[in-house]
Amino acid sequence: MQNKFINFFYNIKLFKRLIPSIIRKISFFKKKHLVQLNGFKLNLSLKNSIDRRIFLENSYEHDRVSFLEKSTKDLDFDYFIDIGAYIGYYSLHFAKFKNIKKIISIEPNSENFLNLQNNISLNKYDITAYNLACSNKNESKKLWFSDPNKKSGSSILDEDDFEYNKYSADVKENKDYQISKNDLIYENVNTKKLDDIMSINEKNIIVKIDVERHELSVLEGAKNIFFSDNNVFLQIEIYPEHKDKIFSFLFKNNYKLVHSIEWDYYFKNY
């Protein structure tokens, strides 16, 4: 009842910006909050902006999830692979469909992964989860994020993401956030090729990739899965500066573009 009351005011234009700010400041909302969504439960931390949005809207990326669901409902799939799973919204949503046999969730951030595991246990779903980052090499890397309360934006450290401040040759800033490299928050993570995590042949696969600028490296580390004899339906978030390179890579490997929603693109190879 309380959530419905808050949702009501949030949907009034006058309160659209005010309600999230109130939730962020009131101590009651700093606790974990359990919500019942369309077919599954989710524990949310309302100090996090993404979790607040799910709490207020009772959904997440509704247009993207709906398109992916609609585009894959008429075929039986052996796997749904969620790369950059965060707390598991996509994994849990697609775990309820009988045309998908196995869900694989991959999340590198340690705090997000713990929340992912808790949400999987909460719903008693048979989901295999890995606490690592997919890439094109098996090694130890740094994961960075700009805000301790928004770890959904975690990204593998790449020098190409940074440039020198125009006023100082000694200060490197992140291109998107204009934050000094030294002021970012870092976490050590293990990266692994998806091909070394699992071997999949002659299967139907759905893959969602949301890895904050590391998309090409993920694809390069999964050539046996993406570019062999599997039928793949792919949803991939692509930052504009990487779009041409990734499009070219996919087109050369017989993928065709199906649809796009802002920075999310849908491809398939069958």
Within the set of other residues whose C-beta is less than 13 Å from the C-beta of Tyr89, count the net charge using Lys and Arg as +1 and Asp and Glu as -1.
-> -2
Hey, for a label at Ser228 modelled as a point 7 Å past Cα toward Cβ, could you say which residues of the stretch 75-89 have their backbone N under 16 Å away?
-> 78-79
Considering Cα pairs under 8 angstrom that are at least six residues apart, work out the relative contact order of the chain and quote it in whole percent.
-> 15
Grab the Cα-Cα distance for Asn58 and Lys16, subtract it from 0.36 nm times how many residues apart they are, and report the gain in nm with one decimal.
-> 13.7 nm
Extension gain His242-Asn182, at 0.36 nm per residue separation less the Cα-Cα distance, in nm?
-> 19.2 nm
Farthest towards the positive end of the dipole of the chain, among Ser152, Asn58, Asn254 and with Cβ unit charges of +1 on Lys and Arg and -1 on Asp and Glu, lies the Cα of Asn58
Could you list, in their original order, any pairs among Lys47/Lys256; Lys98/Lys141; Lys98/Lys192; Lys47/Lys124 whose Cα atoms are separated by more than 32 Å?
-> Lys47/Lys256; Lys98/Lys141
On a C-alpha basis, how far is the centre of the stretch 186-241 from the centre of the stretch 95-153 in Å? Whole number, if you could?
-> 14
So what are the ³J(HN,Hα) numbers for the stretch 53-66, from phi and the Karplus equation (6.51, -1.76, 1.60; θ = phi - 60°), rounded to whole Hz, Gly and Pro as x?
-> 5, 4, 4, 7, 9, 6, 6, 8, 6, 4, 5, 5, 4, 5
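A short reminder: the numbers here are calculations on the coordinates, not readings from a lab. Values in this document were obtained by computation on a predicted structure and should not be read as measured data. No Cβ is skipped: glycine too gets one built from the backbone with ideal geometry, and neighbour counts run over all protein chains shown.
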